[in-house]
Amino acid sequence: MSRGDAAHRTLHDLAHCRAGDKGDTSILSVFAYRAGDYPLLVDRLTPQAVAAHLRERVRGPVTRHLVPGQHALQFVCEHALGGGVTTSTALDAHGKAMAFALLAMPID
């Protein structure tokens, strides 16, 4: 089963994402569907690339943690929830929406 041609793939073609939040910090965990795609994700999903892709939502630093045993990457995105879920006036400041935004990231 093909998940998109290589020229037009998005992260969603290669992985799924879980999200959580603590205060004004969004935590996005990206899991490769296939172990063979994990090295590509490590190469392309740098903290700088994720921060650039989510620049409209994330105002602070993005830190990446590798979880090779799970073929996963975790991104800690600071100042990403408009002050925090309970204090934000944003319509949908929760990390779940940010997870879907990250999955739209092009992966060449």
Using mean Cβ contacts within 10 Å as the protection proxy, how do 61-72, 17-28 order, highest first?
17-28, 61-72
Per-bin percent of Cα-Cα distances, segment 12-103 [10 Å]
18, 53, 24, 5, 0
Quickly work out the residue 43-to-residue 78 label distance, labels modelled 7 Å from Cα along the C-beta direction, and quote it in nm with one decimal.
3.0
If I model a spin label as a point 7 Å beyond the Cα along the Cα-Cβ vector, how far apart are those points for residue 104 and residue 52 in nm?
1.8
Any residue on another chain or 5+ positions along whose placed amide H is under 5 Å from the amide H of residue 21 is listed here as 27
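Once you have the Cα-Cα distance between residue 35 and residue 65, take 0.36 nm times their residue separation minus that, and quote the gain in nm to one decimal.
Additional length available on full extension: 9.1 nm.
Laboratory data are not the source of any read-out in this text; all were calculated from the coordinates shown. Values in this document were obtained by computation on a predicted structure and should not be read as measured data. Reconstructed Cβ throughout: ideal geometry from the backbone, glycine too, with neighbour counts over all protein chains shown.
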